[in-house]
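A.B. asks: Take a look at the following structure, please.
What follows is calculated from the coordinates using simple rules that are stated; it is not laboratory data. Bear in mind that the values here come from a model prediction, so they are computed numbers and not experimental data. Ideal geometry is used to build each Cβ from the backbone, glycine not excepted, and the neighbour counts take in all protein chains shown.
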Amino acid sequence: MSTILLVEDEELNRTLVKAVLSRAQVEEVRGAEVLDATSIAAARERLGSADIDLILLDMNLPDGNGLTLARELAAGEVGAGRARPAVVAVTASVLPEDRAAALAAGCDGFLDKPYAAAELIAVVAEHLPPAR
């Protein structure tokens, strides 16, 4: 079973993402454990205590920009001793330069808000590791 870390400060968004993933037709997505964090600091704690396969990372968090965490992950500064998870930036900032900045910071994918349930499921399925 894969583990997804949902880094999102809005409770409604967390609830919706979890509901969509739990009803996915793709078994690996539906069966994934979803942990959440509401800030960069909380995400760092989760990454230090759990093996995470994929991070869905909001860019606008109460304690900073999600790209900070993406850069720390890319540099190996967070989750030391654990495999680096795939990181998907999730943001309403959809300009080409926003996408380029996310990818340059170490994100593996980019999901524009608002998104359809099928888009969320597809990006999660694409970035989860193969079933173990």
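A.B. asks: Just give me the residues in region 1-17 being closer than 15 Å to Leu120 by Cβ and of a type in the set (Val, Ile, Thr), in sequence order.
C.D. replies: Hits for region 1-17 are Ile4, Val7, Thr15, Val17.
A.B. asks: Further, regarding this structure: Being surrounded by fewer than 19 Cβ atoms within 10 Å (Cβ to Cβ) and either in contact with a Pro (Cβ under 8 Å, 6 or more places away or on another chain) or not in a helix (DSSP H, G or I) (or both) is the filter here, so list the residues in region 7-23 that pass it.
C.D. replies: Asp9, Glu10, Arg23
A.B. asks: I've got another one for you. On the given criteria, is Ala83 among the aliphatic types (A, V, I, L, M) and either within 12 Å of Thr3 (Cα to Cα) or touching a residue at least 24 places away in the same chain (Cβ under 8 Å) (or both)?
C.D. replies: Values: among the aliphatic types (A, V, I, L, M): yes; either within 12 Å of Thr3 (Cα to Cα) or touching a residue at least 24 places away in the same chain (Cβ under 8 Å) (or both): yes.
So Ala83 passes the test.
A.B. asks: Moving to a separate point now. Working carefully through the options Leu35, Leu120, Leu47, Leu73, find the one that is touching a helix residue (DSSP H, G or I) at 6+ places or on another chain (Cβ under 7 Å) and buried (at least 19 other Cβ atoms within 10 Å of the Cβ).
C.D. replies: Numbers: Leu35 fails: buried (at least 19 other Cβ atoms within 10 Å of the Cβ); Leu47 fails: touching a helix residue (DSSP H, G or I) at 6+ places or on another chain (Cβ under 7 Å); Leu73 fails: touching a helix residue (DSSP H, G or I) at 6+ places or on another chain (Cβ under 7 Å).
On inspection, the qualifying residue turns out to be Leu120.
A.B. asks: Would you check if Ala125 is out of contact with any Ser or Thr (no Cβ under 6 Å at 6 or more places or on another chain), outside any loop (DSSP other than H, G, I, E, B), in contact (Cβ under 8 Å) with a residue 40 or more places away in the chain and closer than 21 Å to Arg30 by Cβ? Reasoning before the result, please.
C.D. replies: Numbers: out of contact with any Ser or Thr (no Cβ under 6 Å at 6 or more places or on another chain): yes; outside any loop (DSSP other than H, G, I, E, B): yes; in contact (Cβ under 8 Å) with a residue 40 or more places away in the chain: yes; closer than 21 Å to Arg30 by Cβ: yes.
So Ala125 passes the test.
A.B. asks: Collect the residues in region 1-25 that are among the charged types (D, E, K, R) and either more than 19 Å from Asp51 (Cα to Cα) or free of Cβ contacts under 8 Å to residues at least 12 places away in the same chain (or both), keeping them in residue-number order.
C.D. replies: First, pick out the residues of region 1-25 that are among the charged types (D, E, K, R): 8-11, 14, 18, 23.
Those that are among the charged types (D, E, K, R) and either more than 19 Å from Asp51 (Cα to Cα) or free of Cβ contacts under 8 Å to residues at least 12 places away in the same chain (or both): Asp9, Glu10, Glu11, Arg14, Arg23.
A.B. asks: Count, please, the residues in region 91-111 that happen to be in contact with a Phe, Trp or Tyr (Cβ under 9 Å, 6 or more places away or on another chain) and assigned to a loop (DSSP other than H, G, I, E, B). First the steps, then the outcome.
C.D. replies: In the first step, residues of region 91-111 are kept if they are in contact with a Phe, Trp or Tyr (Cβ under 9 Å, 6 or more places away or on another chain); the result is 91, 94, 98-99, 102-103.
Checking the rest, the ones that are also assigned to a loop (DSSP other than H, G, I, E, B) come to 94.
Within region 91-111, residues that are in contact with a Phe, Trp or Tyr (Cβ under 9 Å, 6 or more places away or on another chain) and assigned to a loop (DSSP other than H, G, I, E, B) number 1.
A.B. asks: Just to check your reading of the model, which residue among Gly79, Gly64 is over 12 Å from the mean Cα position of the chain (by Cα) and surrounded by 19 or more Cβ atoms within 10 Å (Cβ to Cβ)?
C.D. replies: Working: Gly64 fails: surrounded by 19 or more Cβ atoms within 10 Å (Cβ to Cβ).
Selected residue: Gly79, the only one of Gly79, Gly64 that is over 12 Å from the mean Cα position of the chain (by Cα) and surrounded by 19 or more Cβ atoms within 10 Å (Cβ to Cβ).
A.B. asks: Note down all Cβ pairs under 8 Å where the first residue falls in region 101-120 and is in contact (Cβ under 8 Å) with a residue 40 or more places away in the chain, the second is among the hydroxyl-bearing types (Ser, Thr, Tyr), and they're at least six residues apart or on different chains.
C.D. replies: Close Cβ pairs satisfying both conditions: Ala102/Thr91; Leu111/Thr91.
A.B. asks: Kindly establish whether Asp51 is within 12 Å of the chain's Cα centre (by Cα) and either on the phi < 0 side of the Ramachandran plot or among the aromatic types (Phe, Trp, Tyr) (or both). Spell out the reasoning first.
C.D. replies: Working: within 12 Å of the chain's Cα centre (by Cα): no; either on the phi < 0 side of the Ramachandran plot or among the aromatic types (Phe, Trp, Tyr) (or both): yes.
In short, no.
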